[in-house]
Amino acid sequence: MPEIRNYTMNFGPQHPAAHGVLRLVLELDGEVIQRADPHIGLLHRATEKLAESKPYNQSIGYMDRLDYVSMMSNEHAYVLAIEKMLGVEVPLRAQYIRVMFDEITRILNHLLWLGTHGLDIGAMTMFLYCFREREDLMDIYEAVSGARLHATYYRPGGVYRDLPDRMSQYEPSKWHDQKAVDRMNENRQGSLLDFIWDFTERFPAHVDEYETLLTDNRIWKQRTVDIGIVSPERARNLGFTGPMLRASGIEWDLRKKQPYEVYDRLDFDIPVGTHGDNYDRYLVRIEEFRQSNRIIRQCVEWLRNNHGAVMVEDHKIVPPKRESMKHDMEALIHHFKLFTEGFCVPQGQAYAAVEHPKGEFGIYLVSDGANKPYRLKIRAPGFAHLSAMDEMSNGHMLADVVAIIGTLDIVFGEIDR
Amino acid sequence: MNNIERLQALQTRITEVAGSAIQSTEIEFGELTIDLTDDSLHDVCRKLLSGENFAFDTLIDVCAVDYLHYRQEAGEKWDKPRFAVVYHLLSTSRNQRLRVRVFVEESSPVVDSVIDIWSSANWFEREAFDLFGILFKGHPDLRRILTDYGFVGHPFRKDFPLSGHVEMCYDEEKGRVIYQPVSIEPRVLVPRVIREEGYGA
């Protein structure tokens, strides 16, 4: 009898299905996984330590770069933690804008997840469809902040500026003539809110398209049904949050259970799975598309009818308008102090969490009363999810590892920080 | 009952159950923190998970804090042990949060692992070990997690410079990647200041 030995295989870090820089050391018995040991940290940038050396406002940009597919949600947790310690009440319009952009971000994130997860397990078309819709959403990001990805739009005390009245338009070029450009600009004639409204009109039909391609697809179901089952008890014990926890049958959503901003005024439902496998996680996220769309529509309606400030007036925290700086001595002093020193946050510790598209994204802030955080800890949902990789993939085939990585919805920016 | 009253009720219940294990409790910014002695952590955590009135079924986060320079700019000195390990607990069934903090001495930075109570502690404890050098007794696989293979030191300690000790580059002559002492000078763009309350008002 020849000796039978387990086979150890290296997966990644440069593998297209590793979603970034995941290195997995897999111990295989034939084609069955005995042990999966993820090696992370290849994208570690010490964000938390960098934040300790900068005034509070200068770290907002770092938050975008954590989970770089759901930028504004990261910012949201960070500014919430600061506002909690400063005791700032954000104007209502800013709260609606934040909620609207959180949900736009959720759609952005889930679109990328669906596209790449589909691509990983053999559905090429999904990738192209999803990126088509992402384009519109990133234009919305750009219209409001000037950047398509790393927005730095949320600030302690509100949002950086109000929504623009005019949507940017395409111009003719050697690739697109006037006629093509007119067609592309059709839904860009009005304000940003009109453009978002137009998107929400179209989007449910697109979700139906995705479902036509995947939900009853035999290949899709063979790759996802009964793969990576997590029981509700295990899901809680493993620290799962967000869609990962809900797919295991636990109705837990911070937007409903511990509402922040204006979520308690909005009407939406929480999808919950029953089985806790890859397919249920897919169904939960698909339903979240529709629910987010509902929330965005309610926010647009409110924002159309209600105007007002989007930032608090307290110039100890928020810089005054640039024009007033030119003729008002007080404003000039405030401006100078805020940009050379920043604001001091009262001594103490606070934890603020948001329902991030991936789960609970939390910021634990320790302040000693200085103008910089004393310690900033980022609680990334993907970190807890990936640590369950070993348990989820144990006993599955090698090809299922890719399906499980896909369903975890991991992004290395937040896991490695 | 509003949030604060619920937290006060929880505070009393924990004080009844844990008794002498508690050093102090505090409600701040609508959050409850309990400071435990390091030898009682494991027992209390088990009660927090299984106790009917607690049911803290999810360990949201574990992290370490280095208090070495805490309020240094205000001219104050930190009189408690240098490190703290902070646990954020969540009860999904009772919809409540709790923060547990344990102080550990610099000379023996050891606490009991809670991995047998909450599996999610696994990587969080590895991270605290990697970045702060806190040792978790009973952890089955306490390896570095975020830093490079063969990294020396614990980078998130306050006495570890932001720019690090070594830098990496490709050596043309040797034909491989080498480590060498850092060539960049640390610089402070905005100094750290602590202003008194109501400064400039």
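The values are calculated or read from the model by the stated rules, or taken from the named source; none is laboratory data. Note that the structure is predicted; figures quoted are calculated from it, not measured. Counting neighbours? That spans all protein chains shown, and the Cβs are built from the backbone with ideal geometry, glycine included.
Structure data summary
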{"quantity": "Residue satisfying condition, being among the acidic types (D, E), assigned to a loop (DSSP other than H, G, I, E, B) and within 14 Å of chain A (Cβ to nearest Cβ), within set B:D130, B:D159", "calculated": "B:D159"}
{"quantity": "Residue that is surrounded by the fewest Cβ atoms within 10 Å (Cβ to Cβ), among those in region A:133-174 that are over 17 Å from A:Y68 (Cα atoms) and without any contact (Cβ under 8 Å) to a residue 12 or more places away in the chain", "calculated": "A:K174"}
{"quantity": "Checking A:G61 against (1) assigned to a loop (DSSP other than H, G, I, E, B); (2) touching a residue at least 40 places away in the same chain (Cβ under 8 Å), the condition it does not meet", "calculated": "(1)"}
{"quantity": "Single unsatisfied condition, A:E288 versus (1) surrounded by 21 or more Cβ atoms within 10 Å (Cβ to Cβ); (2) at pLDDT below 90", "calculated": "(2)"}
{"quantity": "Region A:273-301, residues that are under 18 Å from the mean Cα position of the chain (by Cα) and among the β-branched types (V, I, T)", "calculated": "A:V284, A:I286, A:I295, A:I296"}
{"quantity": "Yes/no for A:F240 being outside any helix (DSSP H, G or I), under 17 Å from the mean Cα position of the chain (by Cα) and either small (G, A, S) or modelled with pLDDT of 90 or more (or both)", "calculated": "yes"}
{"quantity": "Enumeration of residues in region A:91-145 that are of a type in the set (G, A, S) and within 21 Å of A:G61 (Cβ to Cβ)", "calculated": "A:A94, A:A143, A:S145"}
{"quantity": "Any hit, region A:261-277, residues being among the β-branched types (V, I, T), farther than 26 Å from B:W118 by Cβ and in contact (Cβ under 8 Å) with a residue 12 or more places away in the chain", "calculated": "yes"}
{"quantity": "Residue match in region B:5-28 (condition: assigned to a loop (DSSP other than H, G, I, E, B), closer than 25 Å to A:T241 by Cβ and out of contact with any Pro (no Cβ under 6 Å at 6 or more places or on another chain))", "calculated": "no"}
{"quantity": "Filter result (aliphatic (A, V, I, L, M) and buried (at least 17 other Cβ atoms within 10 Å of the Cβ)) within region A:1-27", "calculated": "A:A17, A:A18, A:V21, A:L22, A:L24, A:L26"}
{"quantity": "Residue satisfying all of: in region B:19-49; closer than 27 Å to A:R234 by Cβ and more than 14 Å from chain A (Cβ to nearest Cβ); surrounded by the most Cβ atoms within 10 Å (Cβ to Cβ) among these", "calculated": "B:L36"}
{"quantity": "Which listed residue is closer than 30 Å to B:R94 by Cβ and either touching a helix residue (DSSP H, G or I) at 6+ places or on another chain (Cβ under 7 Å) or away from chain B (no Cβ under 12 Å) (or both), from A:E251, A:E233, A:E261, A:E201", "calculated": "A:E261"}
{"quantity": "Residues located in region A:291-320, provided they are assigned to a loop (DSSP other than H, G, I, E, B) and either free of Cβ contacts under 8 Å to residues at least 24 places away in the same chain or surrounded by fewer than 22 Cβ atoms within 10 Å (Cβ to Cβ) (or both)", "calculated": "A:N306, A:H307, A:G308, A:A309, A:V312, A:E313, A:D314, A:H315, A:K316, A:V318, A:P319, A:P320"}
{"quantity": "Qualifying positions in region A:35-50 - aliphatic (A, V, I, L, M), part of a loop (DSSP other than H, G, I, E, B) and more than 8 Å from chain B (Cβ to nearest Cβ)", "calculated": "A:L42, A:L43"}
{"quantity": "Residues of region B:142-156 that turn out to be within 9 Å of chain A (Cβ to nearest Cβ) and either among the aromatic types (F, W, Y) or at positive phi (or both), as a count", "calculated": "2"}
{"quantity": "Any hit, region A:95-117, residues being within 28 Å of B:G198 (Cα to Cα) and either crowded, with 20+ Cβ neighbours inside 10 Å or away from chain B (no Cβ under 11 Å) (or both)", "calculated": "yes"}
{"quantity": "Matching residues in region A:385-411 - criterion: being within 14 Å of another protein chain (Cβ to nearest Cβ) and not small (G, A, S)", "calculated": "A:H385, A:L386, A:M389, A:D390, A:E391, A:M392, A:N394, A:L408, A:I410"}
{"quantity": "Unmet requirement for A:R98, which otherwise passes all of (1) more than 25 Å from A:K377 (Cβ to Cβ); (2) over 10 Å from the mean Cα position of the chain (by Cα); (3) not aliphatic (A, V, I, L, M)", "calculated": "(1)"}
{"quantity": "All positions within region A:144-156 that are farther than 19 Å from A:N109 by Cα and at pLDDT 90 or above", "calculated": "A:R155, A:P156"}
{"quantity": "Residue in region A:321-333 that is on the phi < 0 side of the Ramachandran plot, part of a loop (DSSP other than H, G, I, E, B) and not hydroxyl-bearing (S, T, Y) present", "calculated": "yes"}
{"quantity": "Selected residue (criterion: farthest from the other protein chains (Cβ to nearest Cβ)) from residues of region B:164-185 that are in a loop (DSSP other than H, G, I, E, B) and under 26 Å from the mean Cα position of the chain (by Cα)", "calculated": "B:H165"}
{"quantity": "Within region A:262-285, tally of residues that are surrounded by 15 or more Cβ atoms within 10 Å (Cβ to Cβ) and either in a loop (DSSP other than H, G, I, E, B) or not aromatic (F, W, Y) (or both)", "calculated": "16"}
{"quantity": "Single residue of region B:55-83 satisfying the filter (more than 8 Å from every other protein chain (Cβ to nearest Cβ), in contact with a Ser or Thr (Cβ under 9 Å, 6 or more places away or on another chain) and surrounded by 21 or more Cβ atoms within 10 Å (Cβ to Cβ)) that is modelled with the lowest pLDDT", "calculated": "B:F56"}
{"quantity": "Single residue of A:S53, A:S70 found to be within 12 Å of chain B (Cβ to nearest Cβ) and surrounded by 16 or more Cβ atoms within 10 Å (Cβ to Cβ)", "calculated": "A:S53"}
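Results for (1) in contact with a Leu (Cβ under 8 Å, 6 or more places away or on another chain); (2) in a helix (DSSP H, G or I), shown as yes or no for each residue.
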{"residue": "A:F131", "(1), (2)": "yes, yes"}
{"residue": "A:A151", "(1), (2)": "no, no"}
{"residue": "A:R161", "(1), (2)": "no, no"}
{"residue": "A:D182", "(1), (2)": "no, yes"}
{"residue": "A:G190", "(1), (2)": "no, no"}
{"residue": "A:F195", "(1), (2)": "no, yes"}
{"residue": "A:T200", "(1), (2)": "no, yes"}
{"residue": "A:H206", "(1), (2)": "no, yes"}
